Amino acid sequence: MKKDILICGVGGQGTVLASKIIAASAMDEGYTAHSAETIGMAQRGGPVTSHVRIGGSAYSPLIPIGGADLLIAFEPSEAVRNLKYIKKDGFVVVNRVPVKPTSLGGGADYDGKAEIEFLKSVCDCLVVDSDEMCAPFGSSKFFNVAVLGAASGTGRLGIKAETIQNSIIKIVPDRFKEKNLAAFDAGKKIGEKNAD
Amino acid sequence: MSKKYVMGNGAIALGALSAGVNLVSGYPGTPSSEIIETVSKYPHNGTYIEWSVNEKAAMEVASAAAYCGARAMVTMKQVGLNVASDPLMSLAYVGVKGGMVVVSADDPGPISSQTEQDTRRFAEFCRIPVFDPSSPEEAFDMVQEAFEYSEKYKTPVILRPTTRVDHAYASIEAPDSFSAKEYEGFVKDSKKWVIFPRLSFANHAMIEKRNVEIGEDFSSSRFNSFTGSSKKAVIATGVSYAYAREFLKDYPDIRLIKVGTPHPLPESFMLKALEGVDEVLCFEELSPYIEENVLKLAGKHHLNIKVRGKLTDDVPSSGENDSDSAKRIISGFLGFDIAENSVSLDDAPQPPARPPVLCAGCPHRASFYAVKRAMKGRKAYFCGDIGCYTLGNAMPLDMVDTCLCMGAGITMAQGFNHMDSDAVAISFTGDSTFFASGMTGVVNAVYNAVDMIVCVLDNSTTAMTGHQPHPGTGRNMMSAPVEKISIEKILLAAGVKKVITVDPLDLDASIAAVRECAEIKGVKAIIFKSPCVAIVKPDKKMKVDSEKCIGCMRCIKELGCPALSVSDGKAVIDENLCTGCGLCAKLCPVGAIGGC
């Protein structure tokens with residue numbers, strides 16, 4: 001198997017954790033994995049991306065433009081910002097809940113709706129709502145794992161759901177395990193309805 | 001042995017531990033900081049690790065270890081090498097006994113740095129060898145080999161990773177626990193270890209002769225290689241090689257030359273790799289280092305090769321390369337027509353700008369705001385420094401007029417005071433930066449009778465680079481706790497007239513402190529002390545009473561806190577971001593904001 005997966009969002013949304021879970025799961029299934037993240041100054045409220053490259057002969061740490069099989073976006077405008085990375089026949093899993101830019105950065109009217117409409121018009125995508133998915137456990141903190149669950153449910157990660165659940169158990173601190181696994185399952189159910 | 005999924009920086013750490021490193025020192029700086037943190041994470045026996053007060057100290061501590069015959073590694077970012085260049089330059093002449101590897105991480109882009117300097121130039125300038133890894137796996141191998149070369153040629157050796165190698169993850173097969181190497185100990189010999197003009201003269205000649213040998217040695221190194229046999233060739237170095245290979249993997253005939261040891265230049269290898277080539281593209285980041293060396297080589301050996309790269313505008317002179325630029329630039333050079341395979345973005349809505357900002361509840365925001373309020377209507381110069389608080393330059397705070405390099409805030413404020421004594425000269429320096437290179441600036445100010453206010457933004461950590469301890473935190477990398485070094489006592493000992501320590505979240509007291517200091521002649525200091533919000537758990541949140549809010553937006557317009565936004569003409573607070581610092585509540589004119 002060869003898969004290039006780009007995960008994107010805003011600093012603090014947990015893209016690094018999501019990429020670690022995917023990479024660890026791929027390795028558990030015997031594939032080679034490489035990943036690369038944005039770290040440093042840009043982390044503070046800026047756009048962040050994680051490039052995860054599974055199997056095959058990935059030499060570069062960064063996915064080439066038009067090279068990603070799957071884009072997992074935690075935020076609508078960040079999905080648009082990184083859409084250039086997706087292959088023409090690639091797939092997008094996007095969270096519709098927007099993160100407004102800082103109060104003075106302009107874009108006070110930004111609500112993510114135009115971005116979702118645009119994504120739907122140009123590519124194959126699954127739109128999820130992190131607030132709805134996470135409502136049953138009273139905190140939207142674990143939404144990144146819920147969105148990851150949705151991606152897994154579509155079958156497009158190319159990794160078994162159980163492998164990912166095991167990685168969550170290994171990587172996430174004990175006290176958050178249960179909620180993360182519940183969030184993953186909530187997302188997975190939605191993803192399964194949209195499996196290809 | 002087991003496979004470990006680690007960052008490039010982790011691979012460097014594992015490589016050093018595998019080489020039996022005895023001492024590791026360094027100063028935090030993106031993208032190098034995780035190296036020391038990873039060294040400390042794995043079980044090791046006999047390896048001493050420290051965060052030094054700055055890069056110069058780190059280099060000197062490591063040098064002595066290498067004089068003892070021990071293996072030493074020192075880590076920093078590229079601008080840190082500027083600070084450490086004084087000891088390194090002399091060390092290059094004196095040489096070492098035990099292996100010494102200097103890791104200086106470059107930052108093409110730049111992504112989180114002041115400059116796009118190229119450490120390969122530094123190696124050439126110091127006349128010492130440099131390894132340039134193209135992947136975390138290679139960094140793991142190179143650091144071990146760098147120790148071998150260092151001992152073989154008795155010279156410090158540089159490992160120069162770049163951000164995309166430091167921060168890329170890969171799996172590395174390495175032992176699970178490590179033991180430091182046995183070493184002989186220091187053997188006194190003042191003719192060898194004490195630098196004098198005569199020694200430098202003799203060693204300079206030796207070094208130039210030796211470098212020719214190293215270049216020959218490097219010519220058979222596994223880190224230099226080429227594939228393909230075309231007359232048009234591509235030379236790539238560091239991570240740019242990974243991008244080039246990614247694109248050229250479908251074109252095995254194209255000659256792709258990789259140079260992993262740029263200095264001393266592996267001349268025999270280069271001549272062999274360039275045999276039959278009539279045009280070459282040098283695909284590298286930062287400076288045209290290889291390109292200039294190929295030009296030199298072509299001149300020296302009368303090679304009829306057209307050399308292209310940064311000097312011919314084929315490769316951009318600034319910024320980082322990536323897979324996309326590799327594809328565009330190399331296919332252009334080879335005359336390939338490559339079809340695009342990406343989605344059309346012609347009708348895409350413009351994503352909102354997301355500039356980096358101070359975190360919600362960051363105490364630096366409160367410090368800047370207090371100084372701003374206190375100085376309203378007065379002429380003042382605000383000299384910033386390196387750290388999270390450089391972000392105090394953004395609107396609406398707009399409180400950083402200058403930022404040059406580590407420690408420069410305190411000393412530049414002095415220059416402004418000499419040129420314009422009517423204005424209030426104020427510097428902002430973080431706690432880690434204060435210890436790194438702010439202290440000497442304070443002494444300079446007192447000695448030269450300057451009028452200024454030194455503001456120390458003390459959040460009890462090195463926040464920007466990932467919360468490393470420093471001399472004021474009471475923790476180090478080997479034992480905890482250690483004696484905390486008091487910033488206040490240092491300031492008083494240096495002769496600072498007035499030192500006030502205040503909680504920046506107490507707005508009234510903070511404004512009063514600034515006003516008081518502005519009325520006193522000489523050097524004054526205010527220590528704004530409040531912990532970084534990323535390491536303390538908030539105990540409350542603030543909430544806007546929308547009945548009371550009059551929509552004046554004063555909180556939003558004056559603070560620029562990312563937790564504050566507008567909804568239906570009223571201010572709202574994002575409870576996921578709010579840390580309950582309460583600054584917004586203090587400036588709300590109608591008392592609409594309260595804790596909950």
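Here, each number is a calculation from the coordinates, and none is a lab measurement. Computed from a prediction, not measured in an experiment: that's the story for all the values here. Reconstructed Cβ throughout: ideal geometry from the backbone, glycine too, with neighbour counts over all protein chains shown.
Which percent of Cα-Cα pairs in segment B:2-217 sits in each 5 Å bin, short to long?
Bins of 5 Å from zero give 1, 8, 17, 21, 22, 16, 10, 4, 1, 0, 0 percent of pairs.
Between the DSSP loop rule and a limit of at most 15 other Cβ atoms within 10 Å, which GluC sites (Glu not before Pro) in segment B:153-232 are left? Don't skip to the end; give the middle numbers.
On the way: sites: B:Glu173, B:Glu182, B:Glu184, B:Glu208, B:Glu213, B:Glu216; in loops: B:Glu182, B:Glu184.
Those that pass, being in a loop and sparsely packed, are B:Glu182, B:Glu184.
Which number comes out as Rg/Rh for segment B:363-529 once both Rg and the Kirkwood Rh are worked out on C-alpha atoms? Could the numbers behind the result be given before it?
Numbers: Rg = 14.8 Å, Rh = 15.6 Å.
Ratio value, two decimals: 0.95.
What is the diffusion coefficient of segment B:542-595 in µm²/s, taking the Kirkwood radius over Cα pairs and the Stokes-Einstein relation at 25 °C with a viscosity of 0.890 mPa s? Please list the in-between numbers first.
Working: Rh = 10.7 Å.
The Stokes-Einstein estimate is 229 µm²/s.
Please go through segment B:254-302 and write out the GluC sites (Glu not before Pro) that DSSP classes as loop and that have at most 14 other C-beta atoms within 10 Å. Please list the in-between numbers first.
Numbers: sites: B:Glu267, B:Glu275, B:Glu279, B:Glu284, B:Glu285, B:Glu291, B:Glu292; in loops: B:Glu275, B:Glu284, B:Glu285.
The qualifying sites are B:Glu275.
How high is the relative contact order of segment B:335-445, in percent, with contacts defined as C-alpha pairs under 8 Å that are six or more residues apart? Don't jump to the answer; show the numbers that get you there.
Working: 136 pairs, mean separation 27.3, N = 111.
Over segment B:335-445, the number comes to 25 percent.
So for segment B:7-91, Kirkwood radius off the Cα pairs, Stokes-Einstein at 37 °C and 0.692 mPa s: how many µm² s⁻¹?
260
Over the whole of A:30-37, what's the average partner chain Cβ count within 10 Å per residue? Rounded to a whole number, please. Mind showing how you got there, number by number?
Details: counts 0, 0, 3, 4, 9, 6, 12, 4.
So the per-residue partner count for this stretch is 5.
Quick one: B:Ile290, B:Ile386, B:Ile550, B:Ile556, fewest Cβ neighbours within 10 Å first, how do they rank? Don't jump to the answer; show the numbers that get you there.
Details: B:Ile290 28, B:Ile386 24, B:Ile550 13, B:Ile556 20.
By the 10 Å Cβ count, ascending, the order reads B:Ile550, B:Ile556, B:Ile386, B:Ile290.
Mind jotting down the three principal axis lengths of segment A:55-122 based on Cα atoms? Whole angstrom, largest first.
Projected onto the principal axes, the Cα atoms of segment A:55-122 cover 43, 25, 15 Å.
Using the Cβ atoms and a cut-off under 15 Å, what net charge is assigned to the surroundings of B:Lys249, where Lys and Arg are +1 and Asp and Glu are -1?
On the way: positive: A:Lys2, A:Arg53, B:Arg245, B:Arg255, B:Lys258, B:Lys327; negative: A:Asp4, B:Glu246, B:Asp250, B:Asp253.
Summing Lys and Arg as +1 and Asp and Glu as -1 gives +2.
Could you pull the Cα extents of chain B along its three principal axes, largest to smallest, in whole Å?
Cα spread of chain B along its principal axes, largest to smallest: 79, 70, 53 Å.
Could you tell me the relative contact order of chain A? Use alpha-carbon pairs under 8 Å, at least six residues apart, and round to a whole percent. Walk me through the intermediate numbers first.
Details: 405 pairs, mean separation 39.7, N = 196.
In percent, rounded to a whole number, it is 20.
Distance check, please: which entries in B:Lys77/B:Lys152; B:Lys543/B:Lys570; A:Lys20/B:Lys3; B:Lys152/B:Lys258 exceed 19 angstrom between their Cα atoms?
B:Lys77/B:Lys152; B:Lys152/B:Lys258, as the Cα separations exceed 19 Å there.
Please tell me which of these pairs span more than 29 angstrom C-alpha to C-alpha: A:Lys160/B:Lys540; B:Lys537/B:Lys586; A:Lys100/A:Lys120? Provide the component values of the computation, followed by the final result.
On the way: A:Lys160/B:Lys540 41 Å; B:Lys537/B:Lys586 21 Å; A:Lys100/A:Lys120 21 Å.
With Cα atoms farther than 29 Å apart: A:Lys160/B:Lys540.
Any idea what the alpha-carbon Rg over 2.2 N^0.38 Å comes to for the protein assembly as shown?
On the way: Rg = 27.5 Å, N = 792, 2.2 N^0.38 = 27.8 Å.
Taking N as the residue count of the protein assembly as shown, the ratio is 0.99.
Based on other C-beta atoms within 10 Å, arrange B:His364, B:His418 from fewest to most. Mind dumping the intermediate values first?
Values: B:His364 27, B:His418 11.
Neighbour counts put them in this order, fewest first: B:His418, B:His364.
Work out, in µm²/s and without decimals, the Stokes-Einstein translational diffusion coefficient of chain A at 10 °C, 1.306 mPa s, Rh from Kirkwood over C-alpha pairs. Working shown, then result.
On the way: Rh = 16.5 Å.
In µm²/s, the coefficient rounds to 96.
Please arrange B:Ile511, B:Ile338 by how many other C-beta atoms lie within 10 Å of their C-beta, fewest to most. It would help to have the intermediate numbers written out before the result.
Values: B:Ile511 19, B:Ile338 12.
Ascending number of Cβ neighbours within 10 Å: B:Ile338, B:Ile511.
Among A:Gly14, A:Ile54, A:Tyr110, flag the residue with its Cα farthest along the positive direction of the charge dipole of segment A:1-153, charges on Cβ as +1 for Lys/Arg and -1 for Asp/Glu.
A:Ile54
How big is segment B:224-341 by the Kirkwood estimate over distinct Cα pairs, in Å? Intermediate results must be reported in sequence, preceding the final value.
On the way: mean 1/r = 0.0710 Å⁻¹.
Hydrodynamic radius (Kirkwood, Cα pairs) of segment B:224-341 is 14.1 Å.
So which lysines pass the test for B:Lys521, namely a Cα distance under 19 Å, with those fewer than 8 places away in the same chain ruled out?
B:Lys521 reaches B:Lys379, B:Lys497, B:Lys498.
If you find the alpha carbon centre of segment B:444-487 and of segment B:543-596, how far apart are they in angstrom?
Taking the Cα centre of each part, segment B:444-487 and segment B:543-596 sit 32 Å apart.
Taking K and R as +1 and D and E as -1, what net charge do the other residues with C-beta under 14 Å from the C-beta of A:Ile63 add up to? Kindly include the intermediate steps, with their values, before the conclusion.
Values: positive: A:Lys2, A:Lys3, A:Arg53, A:Lys84, A:Lys87, B:Arg164, B:Lys327; negative: A:Asp4, A:Glu37, A:Asp69, B:Glu246, B:Asp322, B:Asp324.
Charge balance near A:Ile63 sits at +1.
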